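This report refers to the structure that appears directly beneath it.
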Amino acid sequence: MNANPSGNNATPIEEESFDFRKVLFRVISNWPFFIVSLAICVSLAYTYLRYAKPVYKVAAKILVTDEAKGGSLFGGKSSASGMDLGAMLGAKSNVDNEAEIMKTRDLVEQMVRASNLYITYSQVGRVNTLELYDKIPFKVQLVTPLDSVYGTSFSIKPLSTEKYKLITKKADSSIVASFGDTINYNQHKFYVTRTGLPFVHESYLVHIASLQNTINAYAGSLNISVTSKQVTTIDVILNCNIPRKGENVLNEFINQYIQLNLNDKNRIADSTILFMDRRIEIVNKELDDIEIALQQFKQNNNLANLTEQSKLALSNASDLNKDANKIGVQLSMVDGMDKFLSNAKNNNRPVPASVSEDPGFVALAEKYNNMQIQKDRLLLTVTEKNPVYQNLLIQLENTRNDLVKNLRSQQQNLLIAKKRVENQDVEFNSLIKKVPQQERAFLTLSRTQALKQEIYLYLLKKKEEMSVTKASNIPSARIIDKPKCSPIPISPKRNLIFLASIVLGLAIPLGVLSVIEMLNNRVMSKMDIDKFTKMSLLAEITNSKSTDNLVVKENARSVVSEQFRTLRTNLQFILGIKSNSTILLTSSMSGEGKSFIALNLANVYAISGKKVLLMELDLRKPKISQNLGYENNKGFSNYITQNIGLDEVIKPTTFNENLYLFPSGPIPPNPAELLMSQKSKELFTELKTQFDVIIMDLPPIGLVTDAQILASYGDATLYVVRQGYTFKNQLNIPNDILINNKFNNCYLVMNDVKRQKGYGYGYGYGYGYGYGYGYGYDKSGYYKEDSAK
């Protein structure tokens, strides 16, 4: 029957459910622990809120012009069912693409560079540093290229209106310099200038961060989202510690985005103007050459005035020259555009649409240019292997081929018109032949000059038109809600943090107590008994401060005395009306107070007028005689092994005339054999005739089998457990007793219940009684010599 008392293998007899009363009583019984925990947690929360940097939300809203909301990148329907090809390939709408563009690091980098966000100024406090933004009396200007900056910190301490001291971060060195002087510090070159504001602090902390770290920080603080698919608006949110700074930074970010959007639109105009400039440069050179040749011709031939015939020829040829010049200009533009499109270097550039007056070419060129812009934006969000991007390249190639075909068609039409003009020119030449030779040569040069001048003026006109178009370009996005900071910080949330501190202040002690309880392998309450055993609890005996083992005395009204009277009453209900009764007491191990309960239970029966015999049958470690101060030289072991009478071993007690003691006698070498002897059976039969109540103090059943030998003699059995001493695992022994019906009417008695305000007992006590064998279990559950009383 020996059991491992470690308690680690205790098996609950039923599932444990949540008990609110248990938690409430646990809090009440340990209220100082909870108050201290709450005070600490709330104090920490207050300290955190006192020094934590507030985070504000700066929000703005942008409206994006989306002429084809959710439409295809390819500008039309391409499937037989009318489904948009872009939608089929997973293409995003224009507003979604613009939102993706705003998330790019390049745009954040432009914002960081434009606002010098990599340099911050702070005031050093006793606990925290406070960043300064508006009222900075000086500025640090970097000379070192920004890409080479890796980060450094230093302090600026003003000495006068002209000088300052630069103190290193570790304060191990300093530099005295004048404002405007170039400083070389920690591989960074910079100079400090005054802003005109007064110095109000003794020193200022300057931190120069690396460009990439700054970009990463602000990219993480930005939130770009399209909140609704029904509208073309983008919400832009920036989290920042300083409201004014957040509004300025977000405003700069949006301005950079709008400028980028406008630059995309201006690419077409810039490409057209560049094309015009190159053509104007070529035509201007040709025109200069013609004018110089014409001037030299007139000087060499002393040709001052034309004859009337020459004037007539020039007058009759004016209309013909206009047509020829117009066709020549158009052919020149067509040839230039044909070379532009045939050059592979220009595949990624927009096509100048205004150089041609053909409506079909202008429409194709606008479509081609739009797809070029969409291709560049698409690369910001997808890879080149994306099917949408690949399809767009195919569309660009097809459109480029259509442009070339259109130019070839224009070229054929212009050549036909040129042939017609040439036929008319034959008549003009016949008229020229009638003009003198020198004047005829002069007329030829004049016609060439007029043609080149017409082309030059045409190019200037188109360039000016494109300049006006560029100036009238507006971005496809505009601000509808300017950046505005929230009046209340979004972090830290004061109410939430205080609530969390209160919850944590309650949860920490509750968790600690729960862990302690979980790790505790001793029986601590009636709940443990109900949880680990089915045996009923008959009584609870509280702790007593008395050093006397006999706590129940006649006319005593102490709590312990009343509890023993309650135990006696409960036993009477169990035993019923009998002329005599035998009550057995056992336990799991030594030190649980079994002998203490046997002595006081015997006395409470004797006080009621019953003739009671207390038998000290713990033959291995008898304690009752010693505790009462009686000699134990004769007893049970003598009676069984020797031929002596009962009157020689049964002793009356001095404190109650109705109570008699049957000592154990000298410790025998074979206790079990003595208890099993025939003489023992005869003894118990004889004793029942002489006494009303017999109480047997048996050995612990968890250590030896002696108690089971006497099980048949008991009318009732009390199994003693001790609060904070008996292992939970040892409650498996009462379960085994019940299952196998080893004892009659076996009930639990809980001993040494200490006073507590916890759940399970409205009172609790204790007494310093100990029971011991020569060997027992220590607190860790190991079997060792027991020195208990």
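Some points to look at:
- With 30 Å as the limit, the listed pairs Lys229/Lys385; Lys61/Lys265; Lys578/Lys621; Lys621/Lys728; Lys526/Lys742; Lys57/Lys265 have Lys578/Lys621; Lys57/Lys265 beyond it between alpha carbons.
- Shape of segment 85-203, Cα gyration tensor, a/c cut at 1.5: prolate
- Direction-averaged projected area, Cα convex hull, segment 434-560: 26.9 nm², rounded to one decimal.
- Largest first, the residues Val226, Val749, Val512 sort by 1.4 Å accessible area into Val512, Val226, Val749.
- Farthest toward positive dipole pole in segment 197-300 [+1 Lys/Arg, -1 Asp/Glu at C-beta], among Asn223, Phe253, Ile242: Asn223
- Annotation: per residue accessible area for segment 191-300 equals 49 Å², rounded to a whole number [probe 1.4 Å, protein chains only].
- When peptides 598-605, 410-417, 111-118 are sorted by average Cβ neighbour count within 10 Å, with the highest value leading, the order is 598-605, 111-118, 410-417.
- Three-way shape label, segment 343-414, alpha-carbon gyration tensor, a/c 1.5: prolate
- Legend: P(r) of segment 639-693 from all alpha carbon pair distances, 5 Å bins from 0, whole percents, reading 4, 15, 26, 27, 16, 9, 2.
- Other-chain or far-sequence residues with amide H under 5 Å of Phe138's (modelled H): Thr195
- Cross-link partners of Lys545 among lysines (Cα-Cα below 19 Å; sequence separation of 8 or more within a chain): Lys553, Lys594, Lys754, Lys757, Lys789
- Rounded, prolate or oblate (a/c below 1.5 giving rounded, otherwise prolate when a/b exceeds b/c) for segment 538-609 by Cα gyration tensor: oblate
- Basic side chains Lys and Arg get +1 at the Cβ, acidic Asp and Glu get -1 at the Cβ, and with that the dipole of segment 514-631 about its Cα centre reaches some 240 debye.
- Per residue, the average separation of C-alpha pairs within less than 8 Å and at least 6 apart gives segment 203-305 a relative contact order of 11 percent.
- The residues of segment 553-678 expose, per residue, 41 Å² of accessible area to a 1.4 Å probe.
- Among 686-696, 623-633, 44-54, the peptide with the highest mean count of other Cβ atoms within 10 Å heads the list, and the full ranking is 686-696, 623-633, 44-54.
- Whole-Hz couplings from phi, Karplus 6.51/-1.76/1.60, listed for segment 581-593; x for Gly and Pro: 9, 10, 10, 9, 10, 9, 7, 7, 8, 6, x, 8, x
- For segment 510-553, the alpha carbon positions stretch 43, 26, 15 Å along the principal axes, listed from largest to smallest.
- Counting charges near Leu166 (Lys, Arg +1; Asp, Glu -1) among other residues having Cβ under 12 Å from its Cβ returns a value of +3.
- Taking the average, over residues, of other Cβ atoms within 10 Å as the packing measure, peptides 148-160, 570-582 rank 148-160, 570-582 from highest down.
The values are calculated or read from the model by the stated rules, or taken from the named source; none is laboratory data. Not measured: the values here are computed from a predicted model. Ideal geometry is used to build each Cβ from the backbone, glycine not excepted, and the neighbour counts take in all protein chains shown. Side chains are part of the model used for accessible areas, which takes the heavy atoms of the whole protein and leaves out ligands, DNA and RNA. Shrake-Rupley method; radii C 1.70, N 1.55, O 1.52, S 1.80 Å.
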